[in-house]
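Before any comments, here is the structure.
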Amino acid sequence: MSEPPETAPPATGGLAQYARVLFAGGDLQPVWDALMLRATATPPDAGAMLDLSTILQLTGQREQGLALQADALGHHRLYRRVVGTGEGPHLLALVAAGDLMASTPVEFLLTGWNGVLDLMFFAAGERATILMPEHDIAIVAVGESDANASLLDALIEPVAHWPKPILNGAPIAIRALGRDRAPPRLDGPHVNAPPTLRVTRDQLLALVASQMPLSDILPGRTFPVILRPVDSHAGAGLEKLGAPDEIASYLSRHDGETFYLSPFIDYSGPDGRFRKLRVALVDGRPFLVHMAISDHWMVHYLNAGMDEDAAKRAEEAAMMATFDAGFAARQAAAFAAVHALYGLDYLALDCAEDRDGRLLVFEADTAMIVHDMDPPDLYPYKAPAMKKLFAAFQEMVAARVA
């Protein structure tokens, strides 16, 4: 372990701080102006540059944000945020350079915490040999993606010999969360994890041209299928396709050379609605983050119309109130199987119950967003549930430090 630099790392406001303002409809212009003064000073404040890059990404200017992030990381790779009073553990998060989905959103998990959070950025393909600050505990916060694959591989050896307690210290397990790698491992008596294949554009065009049966690619499966670009999130490019001709139409509308192909599973309830849950596992214990309810199969919380439908919110509130004794109890064996399989201290699942009562897993990841930003007048039940999740994560940190 190398000695840390003598000067303190640049300070950063962090993702959670700016996201909360935007989510509440606040005006970040005064903050932006103040950050710009610091970022353009001589010498430039790299922490302000990093914060500006975060704001750009939060406001939909991803490429500009990533370019500014790269400039900031050219100056410094280590950034510091004092959380609460700062009088608590010193947590070092190993994070990836990239967009807001590249790493575990640790800052949200530390809501209400007191301590110091250091963010050490690595670039894909870089060996983990950068100077490390002193710390009490670390977390591998690099999320699974093609862009982060070489980084996670490079972390395997140093993490195995880490001198301090480390959370999610299994980069191989994080790599195994990939959309195409997870289903064969997860699928079993208690978990329904539909196969997901990584296919090229040429393979899909050959399927269309030959009109070959889908079962030649997905044994035992028939149309409809789900297709999406690799490394896409939040439904970007995700479509349900009912025949080979629809695949051809899809490819004419979407760029990219590699896609994920999986069978469509109808998990609608007796009322025809689809219910998808986000569940975080903290040291193996499940916590409900949210439940989205929609008439459409492609369910995301932001497109499910939860704000406009009091009945949906009432159902979600009831699910949160009864989660431990209800859903979590019914799926206890499934959650235990997922935890045993990966052995990760923290991860999240997008899931549902299939028509046979098994846990239907759509995705497992360490970088899914969890937050407490929903307006309390519409979602009074959310804050207590998220506080419970955040407290469990912080208690785990304290226990590992102890």
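Remarks
- Residues in region 241-286 that are at pLDDT 95 or above, of a type in the set (D, E, K, R) and under 26 Å from Gly60 (Cα atoms): 2 in all.
- Options Ala318, Ala328; residue that is without any contact (Cβ under 8 Å) to a residue 24 or more places away in the chain and either touching a strand residue (DSSP E or B) at 6+ places or on another chain (Cβ under 7 Å) or loosely packed, with under 14 Cβ neighbours inside 10 Å (or both): Ala318
- Selection within region 52-68 - out of contact with any Asp or Glu (no Cβ under 9 Å at 6 or more places or on another chain), among the polar types (S, T, N, Q) and in a helix (DSSP H, G or I): Thr54, Gln64
- Some residue of region 213-231 being among the charged types (D, E, K, R) and part of a strand (DSSP E or B): yes
- One residue stands out among those in region 15-35 that are modelled with pLDDT of 95 or more and aromatic (Phe, Trp, Tyr): the one that is surrounded by the fewest Cβ atoms within 10 Å (Cβ to Cβ), which is Trp32.
- Top-ranked residue in region 131-168 [being small (Gly, Ala, Ser) and free of Cβ contacts under 8 Å to residues at least 60 places away in the same chain; ranked as nearest to Cys351 (Cα to Cα)]: Ala149
- Within region 301-315, considering residues that are part of a loop (DSSP other than H, G, I, E, B) and not acidic (Asp, Glu), the one surrounded by the fewest Cβ atoms within 10 Å (Cβ to Cβ): Gly305
- Checking each residue in region 35-58 for being over 11 Å from Thr12 (Cα atoms), in contact (Cβ under 8 Å) with a residue 24 or more places away in the chain and within 29 Å of the chain's Cα centre (by Cα) picks out Ile55, Gln57, Leu58.
- Test: residue in region 37-48 that is assigned to a helix (DSSP H, G or I) and surrounded by fewer than 20 Cβ atoms within 10 Å (Cβ to Cβ): yes
- Where Phe335 falls short, out of the listed (1) within 16 Å of His190 (Cβ to Cβ); (2) free of Cβ contacts under 8 Å to residues at least 60 places away in the same chain; (3) of a type in the set (A, V, I, L, M, F, W, C); (4) not in a helix (DSSP H, G or I): (4)
- Screening Glu87, Glu107 for residues that are surrounded by 21 or more Cβ atoms within 10 Å (Cβ to Cβ) and among the charged types (D, E, K, R) leaves exactly one candidate, Glu107.
Residues checked against (1) in contact (Cβ under 8 Å) with a residue 40 or more places away in the chain; (2) surrounded by 15 or more Cβ atoms within 10 Å (Cβ to Cβ); (3) within 20 Å of Ala16 (Cβ to Cβ):
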position	(1), (2), (3)
Ala352	yes, yes, no
Arg355	yes, no, no
Val361	yes, yes, no
Ile369	yes, yes, yes
Pro375	yes, no, yes
Tyr381	yes, yes, no
Ala391	yes, yes, yes
Ala399	no, no, no
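- Among the residues making up region 175-217, those that are of a type in the set (Gly, Ala, Ser) and either free of Cβ contacts under 8 Å to residues at least 40 places away in the same chain or in contact with a Phe, Trp or Tyr (Cβ under 8 Å, 6 or more places away or on another chain) (or both) are Ala176, Gly178, Ala206, Ala209, Ser210, Ser215.
- Number of positions in region 70-99 that are of a type in the set (A, V, I, L, M) and assigned to a strand (DSSP E or B): 9
The values are calculated or read from the model by the stated rules, or taken from the named source; none is laboratory data. It should be emphasised that the depicted structure is a prediction, and the values quoted were computed from it without experimental measurement. Heads up, the Cβs are rebuilt from the backbone with ideal geometry, glycines too, and the neighbour counts pull from every protein chain shown.
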